[in-house]
């Protein structure tokens, strides 16, 4: 026999022996598996420890709790919203009342200003200083020196003049250098 054939036979014998050994182990496992008692299949709810009815009841209870929480939050938010609306309405009413009061005051002050012009009589041959004193005492001007320096070269006319509040010195100069009112305030009020 030659060496090569011998080694070839030994190699094949080892491979076949290993394969038979493996088949023997597989067969033994299957026999052991068949001998084990058949276990009953368990449901997931039994593994957790709940029955199906207990699990359904727990889900229903949790759903009710979440819905009650949601309704409470919703009611709280509506109450807050209502409170904010009431505060806004109070503020709007206060602002409207304040605006009405301001409008009345403005209207009264405008009516007072319109209905009560200041009527001043400047006598004939009055000097600029005399005219400044008359206008200052009646409240038409507040700065006599500025008025005197403005009117130094201007001729002032004699007569009755009507002035509104808050006129500038140039507007006052225009009034007292133009044609005076035709009559005294007593005559004009009796004419009306």
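If a residue must be under 13 Å from residue 132 (Cα atoms) and either modelled with pLDDT of 90 or more or surrounded by fewer than 13 Cβ atoms within 10 Å (Cβ to Cβ) (or both), how many such residues does the stretch 156-172 contain?
Residues in the stretch 156-172 being under 13 Å from residue 132 (Cα atoms) and either modelled with pLDDT of 90 or more or surrounded by fewer than 13 Cβ atoms within 10 Å (Cβ to Cβ) (or both): 0 in total.
Going by the structure shown, is residue 62 more than 31 Å from the chain's Cα centre (by Cα), outside the structural domain of residue 154 (by TED's automatic domain parsing), at pLDDT below 85 and assigned to a helix (DSSP H, G or I)?
Details: more than 31 Å from the chain's Cα centre (by Cα): yes; outside the structural domain of residue 154 (by TED's automatic domain parsing): yes; at pLDDT below 85: no; assigned to a helix (DSSP H, G or I): yes.
It is false that residue 62 is more than 31 Å from the chain's Cα centre (by Cα), outside the structural domain of residue 154 (by TED's automatic domain parsing), at pLDDT below 85 and assigned to a helix (DSSP H, G or I).
The values are calculated or read from the model by the stated rules, or taken from the named source; none is laboratory data. On a predicted model such as this, the values are computed, not experimentally measured, just so you know. FYI the Cβ positions are ideal-geometry reconstructions off the backbone, even for glycines, and counts take in every protein chain you see.
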